[in-house]
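Worksheet: one structure, shown below.
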Amino acid sequence: MSTHARIAASVYTSHVPAIGVAMDQGRTQDPYWSPLFAGYEPSRRWMDANRPDVVVLVYNDHANAFSLDMIPTFAIGCAEAFGIADEGWGPRAVPPVHGHGELAAHIAQSVIQQDFDLTLINRMTVDHGLTVPLSLMFGEQDAGAPGWPVPVIPLAVNVVQYPVPSGRRCLQLGQAIRRAVESFDAPLKVQVWGTGGMSHQLQGPRAGLINREWDNAWMDRLIADPRGLSEMPHIDYVREAGSEGIELVMWLIARGAMADLADAADAPTPRVAHRFYHVPASNTAVGHLILENP
């Protein structure tokens, strides 16, 4: 058995704030919400059977840890714990997020030496961009619990203020993270999660835009043609998926971490363990995917 860490799977999901509200208020069985949460029931069973030792969770901050005063393009949370942000109506009633400082520091060292200029974050709060995916995959948690079921390394990406990183750079970052994880000298099973999206626009004449056909075609390409997909220009995301659809570039980080994109790899395309799509949740299209390395 290998003594080094490995990436076993990647998880992709939207992080709509209203989903967290529905869970926190016990409304998951309401007619509006029940079809969405039914789509994540297989994911929770999968998680029970495939519990990782650490999750690297790629998300974007929504002006809570950062503001327009300072916006890192890529930032990694290296702390041992992260509090829950107050997004204007009080922090979500969920447990604190515990990090994995040793692995985070190793990833930072390795990735920076691969020429990615990560910002190191030693203290920050995390918002719905990170906690809603955890809730969807692990289910409701007692706010008084000491933490979530697994340690989480937050990886924040700027998709709020232009310029935002290209899909190509995000895919490359995922590949760099895989190399970093595989050089960590401990037999950890790691998952990389990409969150945000799918098509949605929150303002302007196109507010409420949802593009079902484009979303599903994009997921097809994420599975089968991630390199080609990574070349898609930003304007295509904005035109087809709305101004906030650009969040999808974060999924490319998780996809880049999969084995079939390793250097000189001939590994087969990852296995699709679960795929789900639902509209709408609030004013957003919800996409979800679980990929396993062979």
When the helix-only estimate is applied to the chain (DSSP H runs of n ≥ 4, each -39,500 (n - 2.57), divided by the residue count), what is the mean residue ellipticity at 222 nm, nearest 500 deg cm²/dmol?
-9500 deg cm²/dmol
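With the cut-off at 1.5 for a/c, could you classify the range 60-135 from its C-alpha gyration tensor as rounded, prolate or oblate? Numbers along the way, then the final one.
On the way: a/c = 2.52, a/b = 1.52, b/c = 1.66.
Because a/c hits 1.5 or more and a/b fails to exceed b/c, the range 60-135 counts as oblate.
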Sorted on mean Cβ neighbours within 10 Å (highest first), peptides 283-293, 268-278, 204-214 come out as 283-293, 268-278, 204-214
Binned Cα-Cα distances of the range 151-294, short to long, each 5 Å bin given as a whole percent:
2, 9, 19, 23, 20, 14, 8, 4, 2, 0, 0
Sticking with the crude label model, points 7 Å out along Cα→Cβ, report the distance from ARG206 to HIS4 in nm, one decimal please.
4.3 nm
Rounded to the nearest 10 Å², the accessible area of ASP69 at probe 1.4 Å
150 Å²
Cβ-based net charge around LEU248, under 12 Å, with every Lys or Arg adding one and every Asp or Glu removing one
-3
Considering only TRP46, TRP251, TRP89, give the residue with the highest GNM mean-square fluctuation for the chain, with springs between Cα atoms whenever their separation is below 10 Å.
TRP89
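Could you compute the net charge surrounding SER183? Neighbours are other residues with a C-beta less than 15 Å from the C-beta of SER183; K and R count +1, D and E count -1. Numbers along the way, then the final one.
Working: positive: ARG6, ARG178, ARG179; negative: GLU102, GLU182, ASP185, ASP263.
My count for the surroundings of SER183 gives -1.
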If you average the sequence gap of Cα pairs under 8 Å that are 6 or more apart and divide by the length of the chain, what percent do you get for the contact order?
30 percent
If you consider only alpha-carbon coordinates, what radius of gyration and Dmax does the range 1-104 have, in Å?
16.4, 48
Rounded to the nearest Å, the spacing of the alpha-carbon centers of the range 141-217 and the range 26-47 is 21 Å
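How fast does the range 210-289 diffuse by Stokes-Einstein, in µm²/s, taking the Kirkwood radius from C-alpha pairs at 20 °C and 1.002 mPa s? Working shown, then result.
Values: Rh = 13.5 Å.
Value of D from the Cα-based Kirkwood radius: 159 µm²/s.
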List CYS170, CYS78, ordered by accessible area with a 1.4 Å probe, largest first:
CYS78, CYS170
In percent, how large is the relative contact order of the range 149-284, given Cα pairs closer than 8 Å and 6 or more residues apart?
37 percent
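One-quarter of the Cα convex hull surface for the range 43-178, in nm²?
Working: hull surface 34.2 nm².
Result: 8.6 nm².
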Got a sec to turn the phi values of the range 278-294 into Karplus ³J(HN,Hα) couplings, 6.51 cos²θ - 1.76 cosθ + 1.60 with θ = phi - 60°, whole Hz, x for Gly and Pro?
8, 9, x, 10, 6, 10, 10, 7, 9, x, 8, 8, 10, 10, 10, 5, x
Output the relative contact order of the range 48-150, whole-number percent, from Cα pairs under 8 angstrom with separation of 6+ residues.
38 percent
With Cα Rg over 2.2 N^0.38 Å defined as stated, name the option among (i) 0.92; (ii) 1.04; (iii) 0.96 computed from the structure displayed.
(i)
Quick check on the chain: of the DSSP beta bridges with both residues there, what percent are antiparallel, nearest 5%?
50 percent
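I want the local charge near HIS200. Using Cβ-Cβ distances under 11 Å, sum +1 for each Lys or Arg and -1 for each Asp or Glu among the other residues.
Numbers: positive: ARG206; negative: ASP215, GLU244, GLU247.
The answer is -2.
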Rough spin-label spacing in nm, given labels placed 7 Å along Cα→Cβ, for ARG221 and GLU140:
4.0 nm
Residues with amide H under 5 Å of LEU57's amide H, sequence separation 5 or more or different chain, H placed in the peptide plane at 1.01 Å from N; which?
ILE153, LEU155, TRP193
Residue separation times 0.36 nm, minus the C-alpha to C-alpha distance between ARG44 and ARG179: what's the value?
45.8 nm
Sequence-distant or interchain residues sharing an amide H contact under 5 Å with ALA273, placed H: which?
ILE290, LEU291, GLU292
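The values are calculated or read from the model by the stated rules, or taken from the named source; none is laboratory data. Note that the structure is a prediction, hence the values are computed from the model and not measured. Heads up, the Cβs are rebuilt from the backbone with ideal geometry, glycines too, and the neighbour counts pull from every protein chain shown. Please note that ligands, DNA and RNA were not included when accessible areas were found on the heavy atoms of the full protein model with its side chains. Shrake-Rupley method; radii C 1.70, N 1.55, O 1.52, S 1.80 Å.
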